[in-house]
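J.: Can you keep this structure in mind? I'll have questions shortly.
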Amino acid sequence: MRQNLAIFLWKKRMSVRIRKISDAVKLILDFWTALYIIVPLFIILFYTYQQWLTALPAWFRPEYELLLVLLLAVVAVKGNLRMYIVPADLVYLFPRPKKFKGLVGLGLLSSFLANSAGVILAMLAVFPLYMHLQGVSFHLWMYIGLWMIAFKMLVLMIKFLVKPGCAKYLKWIFEPLFFLAFILAWQMLVIPYIQTAAQVYIASMLGILLLLVCLAAVIRALFPVQDWEDLANLEAFYDVSLMGLLLGYAGQPLRKRKGYSFWSQRRLGIPFKKAYALIYFYVKYFLRNRSVQTLYFQLFLLGLLVVLFPIPYWVGVGFLMAIIVMLGFLLRSILEENEEKLKPLLVSLTAAEARKGEAVLYNGVLLSICVLPLLAGLVGNTGWLPVMGEILLLTGFTYCMAKYLTNGARH
């Protein structure tokens, strides 16, 4: 056990982390959410991707390629490396440098693999578009993806080395510089290499990676880690922030006071604001309500017919506004019918918190109608400028409608 202590601790940390993330996902998603949202979404994405492999989508223009480059640049520079260490490791493992470095190395390696998943997904997503725009083969695209993974890993390593030693302003300078460097490398080296297959471009791409390796070595030599305890605390704070992002983190409560719930370790040990959890379950109850689902799908299909048929612009806007009004008032009636069933939950909420829950429900349901005009642009019934104007108009109208239903339409 002593010889494999680093591997044992790493496996334990990974299993605990996977279990916590799965528990958090189970709290957010359930069977009906998967049935009505996740599964249809995967079917739509698979069908869309298959269509893209056949031909460029009708809405895509060659000048949109710059947006793809920006997307890939964001994927290439965003992320954080993790070591998966805890403060206790500094007491028990730090005096044993070999075991401590082994644990840190395993943590960094697993973090590398986790961050590379985003690059793989992004490269697969844009491959059909570049196949039609630049005529790239999947074999060549795979090698470009490996170069992009190496670029990202070196960038993340440099950002990781910069954190403990450099001044704060340097941390904010490096990321924009890497973002710009990736765009220039993609436009000046990767695209010409796809078009010409000249060896000078591949040599230049490898030279960029070598330059990043040298930069990482210089930063590591100039700014060695002085305070490992600070890094261990940052690791713990990152986990709390991640779970809070998933489940509604309440902030940084320093003491127990009314309105906050300090959950046990079996519930991830993260402080939550009670109102946020209650509002979440309040909204989730109505989203799973069969009457709400039936009503929503009926009016959503009506909205689809409105935007897909070539009718006058302002007539379509008026119809969608009428659908939003109808859906809002019918949703209001369902809320009133279920008030008695939810009385134990509503008693725990203040009047302001109950109104906030209603506002979240109204905005979440009604705003989905506002994106329907995008379909009119995709099928060519309306130009993109009128479509964006219609979306903004409907969004403002929906916000006012939700405000009225939350505050003005109460009995």
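J.: Taking region 113-144 as the search range and keeping residues that are of a type outside the set (Val, Ile, Thr) and in contact with a Lys or Arg (Cβ under 9 Å, 6 or more places away or on another chain), which one is nearest to PHE60 (Cα to Cα)?
T.: Looking at residues that are of a type outside the set (Val, Ile, Thr) and in contact with a Lys or Arg (Cβ under 9 Å, 6 or more places away or on another chain), I get GLY118.
J.: Hey, another quick one. If LYS20 passes every condition in (1) of a type outside the set (Val, Ile, Thr); (2) surrounded by 13 or more Cβ atoms within 10 Å (Cβ to Cβ); (3) modelled with pLDDT under 70 but one, which one does it miss?
T.: The number of the failed condition is (3).
J.: Let me ask another. Report every pair of residues separated by at least 6 positions or lying on different chains whose Cβ atoms are under 9 Å apart, first residue within region 48-61 and of a type in the set (Ser, Thr, Tyr), second not in a loop (DSSP other than H, G, I, E, B).
T.: Sorted first by the residue in region 48-61, then by its partner, the pairs are TYR49/LEU124; TYR49/ALA125; TYR49/PRO128; THR54/PRO128.
J.: Could we say that VAL162 is surrounded by 12 or more Cβ atoms within 10 Å (Cβ to Cβ) and modelled with pLDDT of 80 or more here?
T.: Judged against the criteria, VAL162 is not a match.
The values are calculated or read from the model by the stated rules, or taken from the named source; none is laboratory data. On a predicted model such as this, the values are computed, not experimentally measured, just so you know. All Cβ positions, glycine included, derive from the backbone under ideal geometry; neighbour counts span all protein chains shown.
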